[in-house]
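Accompanying notes for the structure given below.
Read-outs throughout are calculated quantities, based only on the coordinates presented, and are distinct from any laboratory measurement. Since the model is a prediction, treat every value here as computed from it, not as a measurement. As a convention, Cβ positions derive from the backbone with ideal geometry for all residues, glycine included, and neighbour counts pool all protein chains shown.
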There are 2 protein chains.
Amino acid sequence: MSELRRDPITGRWNIVDTDEPAGPDAFEVESRTPGGGKCPFCLGHEGLTPPEIYVVRPNGGSPNGPGWQVRVVANKFPALRIEGELNRRGLGLFDLCTGVGAHEVIVETPDHQRQMADLSLVELEQVLRAFKTRSLDLRGDKRFKYTLLFKNFGLSAGASLEHAHSQLIALPIVPKRVQEQLNGAWKYFEFRERCAYCDMMAQELQERERIVCENERFLAYCPYVSNFPFEIQILPKEHGADFAQITPEEIRDFTRILKATLLRLRHVLSDPSYNFIIHTTPIEARHHDEYHWHVELIPKLTRIAGFEWGTGFYINPTPPELAATFLRDAKPPCDSTSF
Amino acid sequence: MSELRRDPITGRWNIVDTDEPAGPDAFEVESRTPGGGKCPFCLGHEGLTPPEIYVVRPNGGSPNGPGWQVRVVANKFPALRIEGELNRRGLGLFDLCTGVGAHEVIVETPDHQRQMADLSLVELEQVLRAFKTRSLDLRGDKRFKYTLLFKNFGLSAGASLEHAHSQLIALPIVPKRVQEQLNGAWKYFEFRERCAYCDMMAQELQERERIVCENERFLAYCPYVSNFPFEIQILPKEHGADFAQITPEEIRDFTRILKATLLRLRHVLSDPSYNFIIHTTPIEARHHDEYHWHVELIPKLTRIAGFEWGTGFYINPTPPELAATFLRDAKPPCDSTSF
């Protein structure tokens, strides 16, 4: 029999197939052959993107020329535009608001052939520092209420360019899904005077059956209510609501666990497409005790169909306990997690 | 500039590209070549499915043999199983519940080559009557709180078999997304003492720019807050919370508008994959004044990526006003809507 499981924070249920659970071989994974062509994110093609907003250029060189290692530019096809006044108004029954926001691209390496998982710890740390710096910078703009960092890897996960990159969107509203987590975490805190995520982590660390890997400051595990097969959450062990307040020590451990997790995922699932999201507190938040920033890492293995759209709940063929076993036992090549 | 739009019922925002809107040619549509083989839903293969629960057999014939026109059977690979006690309990911080439910398949025609849109009005009406009868029957089971009728058409919309079929799932809980609509509709009712859907329909009928087609008892339109390009909602004009209470006159008009809408969608978008969902009130509901049953019809044209997963809000490249113009002006062949 399958199991229904309820997310203690959002109240959302899902269905987990504990009867005939699907292992890693049950999923088709799209093949990935790195192309070439005139990629706007490649070394020497800097003129094809808007000018750089942030850059890591350890050995100097001129702006928007070669010599960089990480490069942040405005998205050429932004979902929201940086210019303009925020104008929110009604339209009969409806509400609308001008589409003001920021949409930036973090190019993670000048080398077209390397994925995020291939970056050295030093290189990956530079990317994560760019995440932090750009998040902090966008807070200066009073029009914005939320910054979302995310990555789409692979065509089926929505990546339109294959060159390794992440994205940062600043929004004039707090998105529904974040608000849902905030509300749930707030209710839990009101009831127990503790952070729901800290409590969840404590339970995971005690039961240990859903843990993927950990280090001093971070934990990676498959959530009890995984909506998707091989879904992973990464959390700082020390309570912290705001990703942008990450300490230098935490960034090093975050770099380590992110690389280890990506390598395991690639090894167990033959290089799957995935989405990677950093959920953090809204910019002007009073939720510092209740909320806990975290990464959601979702390999793209299943299709969303009518049932999921209609109900908002998901059928997961792989119990997280099984997924975690595969990921924990994996011995990916070049799993070096020391700097 | 793009626009942010807010759903008046759920409070969910989305982003609509009103700047460079994407028309029907902007999307790739998977090619569809009807196969054959040993399809379990084909005439003569009745032995490959579980026994029939409901059947339309106008000229007689024996159960589970040929002669049928619509056939309902239990899903051979159910998401939830009909046997067992409902057992809900805690597990530390978490909640779980045994996966009890019903999962039925409505085979819409014995002919493998015909889609739902190809059915005659008489045939399609038989399918919609099967929806109603099976929904009513499953209410007798006190373990169930919600029945969801839906259809996945095409591989990318999650259909694993191409032979025309819909699905019915009975659930022991009211799903989150429905609860969200109920809560929103309830708040609106509390404030205005009117049904939000009726008010929305009144506004659409006055503005007319998002209407796809209508008849005496039904309206099809592209919602102001369409999360997906060419998304369509179909609603009964007379207030009604419960699909299963549909009258014989309404079924005839529902049949007409559904066929007309499916033909227009196929014509404008070159036979796209789609998901079709009937949202109705929970089985034991006290929401008869506030909620309004409706169909959500979502062609599968875009990919869900990190931004959508992270925020729960969607970027729609096609404003519903543009989508409705294409759908309204379409002249699909054999658009006969008289019985």
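Computed quantities for the displayed model
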quantity: Convex hull volume per residue for chain A, taking Cα atoms only, in Å³; calculated: 158
quantity: Closest approach to the axis - chain A beta-carbon, rotation onto B, Å; calculated: A:304, 3
quantity: Total charge dipole magnitude, the protein assembly as shown, about the Cα centre, Cβ charges on Lys, Arg, Asp, Glu only, Debye to nearest 20; calculated: 140
quantity: Cα-based shape type of segment B:46-143, given that a ≥ b ≥ c are square roots of the gyration tensor eigenvalues and the cut on a/c is 1.5; calculated: prolate
quantity: Dipole-positive endmost among A:247, A:228, A:312 within segment A:189-339 (Cβ charges, Cα centre); calculated: A:228
quantity: Whole-number percent relative contact order across chain B, with pairs defined as alpha carbons under 8 Å at least 6 apart; calculated: 21
quantity: Peptide B:3-16, shielding by other chains (average Cβ, 10 Å cutoff); calculated: 5
quantity: Separation between Cα centres of segment A:4-18 and segment A:79-94, rounded to whole Å; calculated: 35
quantity: For residue B:56, label point 7 Å along C-beta direction: distances to other copies, nm; calculated: 6.3
quantity: Other copies of residue B:198: label-to-label distances in nm, shortest first, labels 7 Å along the beta-carbon direction; calculated: 5.0
quantity: Cα-centre dipole for segment A:234-278 with unit charges at Cβ (Lys and Arg positive, Asp and Glu negative), debye to 20; calculated: 260
quantity: Segment B:156-295 - charge dipole about Cα centre, Lys and Arg +1 at Cβ, Asp and Glu -1, debye rounded to 20; calculated: 260
quantity: Cα gyration tensor shape of the protein assembly as shown, rounded if a/c is under 1.5, else prolate or oblate by comparing a/b with b/c; calculated: prolate
quantity: Exposure proxy ranking, count of Cβ atoms within 10 Å, fewest first, for A:42, B:198; calculated: B:198, A:42
quantity: Average beta-carbon neighbours from other chains, 10 Å sphere, peptide B:78-88; calculated: 2
quantity: Positive-end residue, segment A:106-203 charge dipole about Cα centroid, Cβ charges, pick of A:112, A:153, A:175; calculated: A:175
quantity: Separation in nanometres of the label points that stand 7 Å from Cα toward Cβ, at residue A:3 and residue B:62; calculated: 4.5
quantity: Label point 7 Å beyond Cα of residue A:288 along Cβ direction - residues of segment A:179-223 with amide nitrogen under 11 Å; calculated: none
quantity: Label spacing, shortest first and in nm, from residue B:333 to its equivalents in the remaining copies (7 angstrom along Cα→Cβ); calculated: 5.5
quantity: Phi to ³J(HN,Hα) by Karplus 6.51 cos²θ - 1.76 cosθ + 1.60 over segment A:93-110, Hz, x for Gly, Pro; calculated: 6, 9, 10, 9, 7, 5, x, 8, x, 10, 9, 10, 10, 9, 7, 7, 7, x
quantity: For segment B:229-246, Karplus couplings with θ = phi - 60° (6.51, -1.76, 1.60), whole Hz, Gly/Pro x; calculated: x, 6, 5, 10, 10, 10, 10, x, 5, 7, 4, x, 8, 10, 3, 5, 8, 4
quantity: Kyte-Doolittle mean at least -1.0 and Cα axial length at least 20 Å: DSSP H helices in chain B; calculated: B:121-138, B:248-269
quantity: Gained length - residue A:247 relative to residue A:83, 0.36 nm times residue gap less alpha-carbon distance; calculated: 55.8 nm
quantity: Computed over segment A:198-317: relative contact order in percent, which uses C-alpha pairs under 8 Å that are six or more apart; calculated: 29
quantity: Average Cα contact separation per residue, segment B:95-167, under 8 Å, 6 or more apart, as relative contact order %; calculated: 47
quantity: For peptides B:240-253, B:259-272, sequence by mean Cβ density within 10 Å, most packed first; calculated: B:259-272, B:240-253
quantity: Most mobile of A:307, A:144, A:230 in a GNM of chain A (Cα contacts under 10 Å); calculated: A:307
quantity: Selected from A:41, A:254, A:313 as most flexible by GNM, with chain A as the system and alpha-carbon contacts under 10 Å; calculated: A:313
quantity: Averaged over B:158-171, number of beta-carbon atoms from partner chains that fall within 10 Å; calculated: 2
quantity: Positive-end residue, chain B charge dipole about Cα centroid, Cβ charges, pick of B:188, B:133, B:272; calculated: B:133
quantity: Segment B:145-215 shape via C-alpha gyration tensor axes, a/c threshold 1.5; calculated: oblate
